[in-house]
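This report refers to the structure that appears directly beneath it.
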Amino acid sequence: MADDPVNQQQFAEDVLAASEASEDGSFAGNIGDPNGNFKLPSVDEVWKLIEQMEGISDEERASIRENLYNPQEGTAEDFMKRLGGQPAMGHTSWDYIIFLSMIAIIFLIFALFGYKLYKSLMSKELKKQEKLKQKQSKKTKKVN
């Protein structure tokens with residue numbers, strides 16, 4: 001969005017329209033307050049801004065309105081349970097076992113490839129030595 005001047009212009013127009021729509025201007029007056037006195041908008045002010053947005057379906061507006069006026073209470077752990085996840089309480093022993101087994105598998109794969117490379121290099125070296133011995137034996141046969 002930072003590189004898209006059309007979206008930047010549309011955003012600026014939306015902010016300007018929202019500030020003009022507010023009755024007392026309290027929300028718009030605190031957006032760029034140089035003193036840092038930012039006041040959070042009330043739920044009603046946020047809802048007025050959402051009603052003015054175009055491109056939002058009625059179902060989405062109903063969902064947003066429900067979440068604005070009836071926020072679900074609870075902790076982050078309750079939220080995670082509702083989503084079907086576990087709360088962030090730390091790692092279990094199974095997590096460590098799986099992690100260490102993955103590390104061991106990766107290590108074994110590297111060891112296998114290292115062994116194959118070593119074996120291949122040694123066989124090449126042995127072939128080179130045998131070839132050198134054959135040349136030397138041929139030279140000695142020619143000399144005799």
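The values are calculated or read from the model by the stated rules, or taken from the named source; none is laboratory data. Everything numeric in this text was worked out from a predicted model, so none of it was measured. Ideal geometry is used to build each Cβ from the backbone, glycine not excepted, and the neighbour counts take in all protein chains shown.
Since S93 meets every condition but one in (1) at pLDDT 75 or above; (2) surrounded by 10 or more Cβ atoms within 10 Å (Cβ to Cβ); (3) hydroxyl-bearing (S, T, Y), which condition does it not meet?
Against the list (1) at pLDDT 75 or above; (2) surrounded by 10 or more Cβ atoms within 10 Å (Cβ to Cβ); (3) hydroxyl-bearing (S, T, Y), S93 comes up short only on (2).
Within the set of pairs 6+ apart or on separate chains, which have a first residue in segment 60-71 that is without any contact (Cβ under 8 Å) to a residue 60 or more places away in the chain and of a type in the set (K, R), a second that is surrounded by 10 or more Cβ atoms within 10 Å (Cβ to Cβ) and not in a helix (DSSP H, G or I), and C-beta atoms under 9 Å apart?
R61/M53
Which numbered condition trips up G55, out of (1) part of a loop (DSSP other than H, G, I, E, B); (2) at pLDDT below 75?
Among (1) part of a loop (DSSP other than H, G, I, E, B); (2) at pLDDT below 75, G55 violates only (2).
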